[in-house]
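Each remark here refers to the structure printed beneath this line.
The values are calculated or read from the model by the stated rules, or taken from the named source; none is laboratory data. The structure presented is a predicted model; accordingly, all values stated were derived computationally and were not measured. In this analysis, Cβ positions are derived from the backbone assuming ideal geometry, glycine residues included, and neighbour counts consider all displayed protein chains. To get the accessible areas, we keep the full protein, side chains included, count just its heavy atoms, and leave off ligands, DNA and RNA. Shrake-Rupley method; radii C 1.70, N 1.55, O 1.52, S 1.80 Å.
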Amino acid sequence: MNTLAQNWPRRGARAALNLLFPPLCFKCRAQVSDTASLCATCWTTFAFLDGRVCDCCGVPFEVDPGSESLCGPCHAKPPAFTRARSVMRYDDASKHPILALKRGDRLDIAPAFTRWLQRTGRSMIAESDVIVPVPLYRWRLWARRFNQAAVLGKALGHATGTPFEPLALIRTRPTPSQGDMPSAKARRRNVRGAFRVEASRAAAIKGRAVLLIDDVLTTGATADACARALKRAGAAKVLVLTLARVARPGTI
């Protein structure tokens with residue numbers, strides 16, 4: 001049986017479902033042509049990071065740096081991860097749907113975010129042996145009921161065939177929200193030593209290129225702390241892929 005014939009029942013079921021429940025833009029709820037997508041108006045409000053960025057941390061350059069490929073902070077103090085990339089800027093437009101997934105149980109948004117991560121991170125996915133999400137502390141996970149980074153990491157692993165290890169990295173202690181920290185230095189101090197690789201999962205990390213998944217990168221402190229823990233466990237390198245990042249020069 002050819003692929004078209006195999007997919008016909010699925011396409012027919014989807015068309016019938018869309019007729020009964022028309023798909024809506026996941027941001028403004030206007031009717032759209034496909035599920036888990038944006039309308040044209042909302043799409044234009046997102047600042048996708050398609051221009052020049054720091055080769056290491058992925059912060060967008062405000063002006064073309066010419067031959068310069070690293071931002072000042074990465075020159076001065078390179079992070080433990082090899083490279084970080086983000087789909088878009090974290091701003092008023094992107095904040096609402098990201099928080100809707102994170103705190104509002106809007107898991108219907110995850111398929112769109114997964115597609116965006118796959119497109120932005122295609123070169124890093126090709127380099128990676130395993131996908132690992134930034135973990136929540138167990139009590140926060142219990143209160144929230146799911147880890148948004150794990151939801152995205154699992155979907156990305158399924159879409160790309162990359163092994164997914166949701167329990168490889170654990171958070172060893174509760175930490176105040178990074179958003180409550182007054183400075184980049186405070187963020188680094190807040191998460192220092194807060195992560196480790198579970199002994200029973202170490203074999204999945206040792207010698208591997210790890211793709212670390214999270215929703216937002218602000219100063220890079222959490223990603224750096226996770227990367228240090230993964231490298232202590234023998235990871236060959238750590239690549240970081242997030243939905244969004246705060247694009248403020250000098251904060252990494």
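For the chain, DSSP calls about 25 percent of its internal beta bridges antiparallel.
Entry note, the chain: the mean residue ellipticity at 222 nm calculated from DSSP H runs of n ≥ 4, each adding -39500 (n - 2.57), is -11000 deg cm²/dmol after division by the residues and rounding to the nearest 500. Length, then width, then depth: along the principal axes, the Cα atoms of segment 160-247 run 37, 27, 18 Å. Working value for segment 104-167: equivalent-ellipsoid semi-axes of 22, 14, 8 Å, each the square root of 5 times a Cα gyration tensor eigenvalue, largest first.
For segment 60-108 versus segment 201-252, the inter-centroid distance based on Cα atoms is 12 Å. Rounded to the nearest 10 square angstrom, residue 171 shows an accessible area of 40 square angstrom against a 1.4 Å probe.
Carbon-plus-sulfur accessible fraction, the chain (probe radius 1.4 Å, protein heavy atoms only): 55%.
Extension gain for the segment residue 55 to residue 236, taken as residue separation times 0.36 nm less the Cα-Cα distance, is 63.3 nm to one decimal. Rounded to the nearest 10 degrees, what's the angle between the helix 221-232 long axis and the longest principal axis of the chain, both from Cα atoms, 0 to 90? Taking the Cα atoms of the chain, the angle to 221-232 is about 70 degrees. Note on residue 70: accessible area approximately 50 square angstrom, rounded to 10, probe 1.4 Å, nucleic acids and ligands left out. Full extension of the chain between residue 106 and residue 177 gives 23.5 nm of extra length, using 0.36 nm per residue less the Cα-Cα distance. Rounded to the nearest 20 debye, the dipole magnitude of the chain is 900 debye, with +1 charges on Lys and Arg beta carbons, -1 on Asp and Glu beta carbons, and the Cα centre as origin. When the charge dipole of the chain is built from unit charges on Cβ atoms (+1 for Lys and Arg, -1 for Asp and Glu) and taken about the Cα centre, the candidate among 216, 242, 166 whose Cα reaches farthest toward its positive end is 166.
To test your reading of the geometry: what angle, between 0 and 90 degrees and rounded to tens, separates the Cα axis of helix 92-103 from the longest principal axis of the chain? Taking the Cα atoms of the chain, the angle to 92-103 is about 90 degrees.
Per-residue accessible area (protein heavy atoms, 1.4 Å probe) orders 142, 43 as 142, 43, starting from the largest.
The length gained by stretching the chain between residue 158 and residue 198 to full extension, at 0.36 nm per residue less their Cα-Cα distance, is 12.1 nm.
Here residue 181 sits with roughly 40 square angstrom of accessible surface, probe radius 1.4 Å.
Using a 1.4 Å probe and counting only protein heavy atoms, arrange 90, 137 so the residue with the most accessible area comes first. Please report the intermediate quantities before stating the final value.
Working: 90 65, 137 30 Å².
Highest to lowest solvent-accessible surface, that is 90, 137.
Kindly rank 193-202, 112-121 from highest to lowest mean number of other beta carbons found within 10 Å of each residue.
Most protected by this proxy first, the peptides run 112-121, 193-202.
Axis of helix 110-120 versus longest Cα principal axis of the chain: the two differ by about 60°, to the nearest ten degrees.
Compactness of the chain was expressed as the Cα radius of gyration divided by 2.2 N^0.38 Å, which yields 1.05.
Other residues whose C-beta falls under 14 angstrom from the C-beta of residue 105 contribute a net charge of +4, scoring Lys and Arg +1 and Asp and Glu -1.
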